[in-house]
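Just so it is clear, none of the values below were taken in a lab; they were calculated from the coordinates. Note that the structure is a prediction, hence the values are computed from the model and not measured. Cβ placement follows ideal geometry from the backbone for every residue including glycine, while neighbour counts extend to all protein chains displayed.
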Amino acid sequence: MRLVMLGTGPFAVPTLRRLVASPHEVVRVVTRPPRGRRAEASPMQTAAEELRLPLWQPETVNSDESRSRLSADAPDLLVVCDYGEILKRETLAITPHGGINLHGSLLPKYRGAAPVQWAVLNGDAETGNTVIQMTAGLDAGPCLGIDVLAIDPDESAGELEARLAARGGDLVLSVIDALAAGTATPIKQDRTQASKAPRLEKEHGAINWSRPAQAIKNQVRALDPWPRAYTSWQRQTDQQKSEPEGSSLRSSSPPEPLRLILHRTAVITPSPNPEVHPGTILEANQRLLIATGAGALEILTLQPAGKRVMHAAEFLRGYQLAPGQRLG
């Protein structure tokens, strides 16, 4: 088959490489144009240039002009993955086989831009890739291929996404082969089981210590590598440490709270002290243990604002946290 692949982000790159190595012909790669002041090349642009494939970066593929240009390549199929624009019905109609899309979830679960992150955030035990026949709806077309993958309870969303991306090319290729042979069997999605996976924002990173320790650990994993889960520690001056709580002599202008970005954590159950308020530091010697709404959370690695990532023991040698203090 003659293929045009549309993709922008890193999730699509392994699939592009797999298709280039297959008997099918990738006649063009379409990516979103660079954005922002730095205007860096996208991962797919870099890969297409390395593979010496024709590259096109239109503002939209849904204009009449863009459809005419795509038609000139005479593709049999559009292959879409991590592209960044929903293709209209008229755009899909320019090829005999329409378009297929590789999506990083077990559809109809987690339709949207961040399926891997939401699977980790919700503590799912498994996820996978789905290839669908594209329709005008968001990730709503019939399924042509599914690949199920177990989620490691300690892996981050970034690590899981890399594993899914590495497996996606084989699934896409199997679907393309079935379409070429006329043996593909579309399976309609059950709309009653659909859920949404909108893009995560920075505010999703704020930790609420009243939530269970497992939920917070999932949050830390899901927001790695972006936008990261964080909390804060209110530092005290030497004068404040020597003044009794509630004293009228206490300084009215304490130092700015220190922002702490959490990288790796572990759940401790039962909590060593389940009676204390969530967010209270339980241990701050060789390890950093925090009370939560259910169980305790051990912070294994973290990153103080403006510093590098470090193990908890190293962090505690440089910052005077103490049991009884609160985070958040």
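Assorted remarks:
- Magnitude of the charge dipole, the stretch 2-193, Cβ model with Lys/Arg +1 and Asp/Glu -1, debye to 20: 500 debye
- Each residue of the stretch 117-124 is assigned a 3J(HN,Hα), and the resulting list reads 4, 6, 4, 6, 4, 8, x, 5 Hz, derived from the Karplus form 6.51 cos²θ - 1.76 cosθ + 1.60 (θ = phi - 60°), x at Gly and Pro.
- Folded to 0 to 90 degrees: helix 213-222 orientation relative to the chain principal axis, Cα: 40 degrees
- Normalised Debye scattering of the chain at q = 0.12, 0.15 Å⁻¹ gives log10 I(q)/I(0) of -0.86, -1.13, counting only Cα atoms as equal scatterers and leaving out solvent.
- Across the alpha-carbon atoms of the stretch 2-193, the computed radius of gyration and Dmax are 16.0, 48 angstrom.
- Helix-only [θ]222 nm of the chain, DSSP H runs n ≥ 4, -39500 (n - 2.57) each, per residue, nearest 500: -7000 deg cm²/dmol
- Amide H to amide H, with H built 1.01 Å from N, Q189 comes under 5 Å of C143, counting only residues 5 or more places away or on other chains.
- Length-normalised contact order of the chain in % [C-alpha pairs under 8 Å, at least 6 apart]: 13 percent
- Qualifying GluC sites (Glu not before Pro) for the stretch 56-147 [loop in DSSP, other Cβ within 10 Å: at most 11]: E59
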